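Below you'll find the structure, written out as structure tokens, and then a few comments.
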Amino acid sequence: MLPRGPFPIPFHGMLLLLLAAFLLGGCGAAPKVETTGARPISRTESAAEFRINLRLSNPGSEDIPLERFEYALTVDGIGRFQGRWAALATIPPGDSIDLEIPAAISIPADIAQRVDLEAPVAWRIEGGVRYQSSGLFGRILFDVGIRRPTQPFAGSGTFTLDRSASSANPAQPGIESEDRSPASSD
């Protein structure tokens, strides 16, 4: 037992206080994520490629390094994409950045029966972005894999798939335009 002095805190209590300070020192501002839209960008006979637009903001006073996105894009009547994308970006303090993340979905052979090609098609995205907390302790905890926070986001809207006259297969849609209906993060 340690001798008691002006601070009667046992050694184990001191270790717990230091551990709590260490863990809390890794906390910082989380990025704010807004889904600003999605659009189809290309297609083949068997798949379509999409881009999801995000705006990420840093309300804090230190940089927020982003690691990766994990997300799922669902397009009504067509299918679902689930995957990861390396963020490899940093949000400066008090600033915002715009990023695009990709998705590709196989086109079903019976797309013309599943989807009204004259009407807007609904899409929904749900996911999260993993980021590194600010401060020295935040970086250390992130690097050793103890604390890797993730900020969730979601969004939805519509875009139009057009049955292109130049398409080799009239049952396969082309891509026309987007009707955006953005949704914010949680």
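The values are calculated or read from the model by the stated rules, or taken from the named source; none is laboratory data. In this text, all values refer to a predicted model and were calculated from it rather than measured experimentally. Ideal geometry is used to build each Cβ from the backbone, glycine not excepted, and the neighbour counts take in all protein chains shown.
Within region 55-70, is there a residue that is exposed (fewer than 14 other Cβ atoms within 10 Å of the Cβ), touching a Pro at 6+ places or on another chain (Cβ under 6 Å) and either among the hydroxyl-bearing types (Ser, Thr, Tyr) or at positive phi (or both)?
For region 55-70, residues exposed (fewer than 14 other Cβ atoms within 10 Å of the Cβ), touching a Pro at 6+ places or on another chain (Cβ under 6 Å) and either among the hydroxyl-bearing types (Ser, Thr, Tyr) or at positive phi (or both): present.
Is one or more of the residues making up region 142-157 out of contact with any strand residue (DSSP E or B) (no Cβ under 9 Å at 6 or more places or on another chain) and at pLDDT 80 or above? Quick ask: steps written out before the conclusion?
Initial filter on region 142-157 (out of contact with any strand residue (DSSP E or B) (no Cβ under 9 Å at 6 or more places or on another chain)): 143-147.
Narrowing further to those that are at pLDDT 80 or above: none.
So far as region 142-157 goes, no, none of its residues is out of contact with any strand residue (DSSP E or B) (no Cβ under 9 Å at 6 or more places or on another chain) and at pLDDT 80 or above.
Is it fair to say Asp98 is farther than 29 Å from Glu45 by Cβ and of a type in the set (Asp, Glu)? Steps first, answer last, please.
Numbers: farther than 29 Å from Glu45 by Cβ: yes; of a type in the set (Asp, Glu): yes.
So Asp98 passes the test.
If the Cβ limit is 6 Å and pairs must be 6+ apart or interchain, which residue in region 56-70 that is farther than 13 Å from Asp95 by Cα pairs with which residue that is charged (D, E, K, R)?
That search, which allows pairs on different chains as well, returns Glu67/Arg130; Arg68/Arg84; Arg68/Arg130; Glu70/Arg84.
Would you call Gly127 touching an Asp or Glu at 6+ places or on another chain (Cβ under 7 Å), in a strand (DSSP E or B) and surrounded by 13 or more Cβ atoms within 10 Å (Cβ to Cβ)? Show your work before the answer.
Numbers: touching an Asp or Glu at 6+ places or on another chain (Cβ under 7 Å): yes; in a strand (DSSP E or B): yes; surrounded by 13 or more Cβ atoms within 10 Å (Cβ to Cβ): yes.
For Gly127, the condition - touching an Asp or Glu at 6+ places or on another chain (Cβ under 7 Å), in a strand (DSSP E or B) and surrounded by 13 or more Cβ atoms within 10 Å (Cβ to Cβ) - is met.
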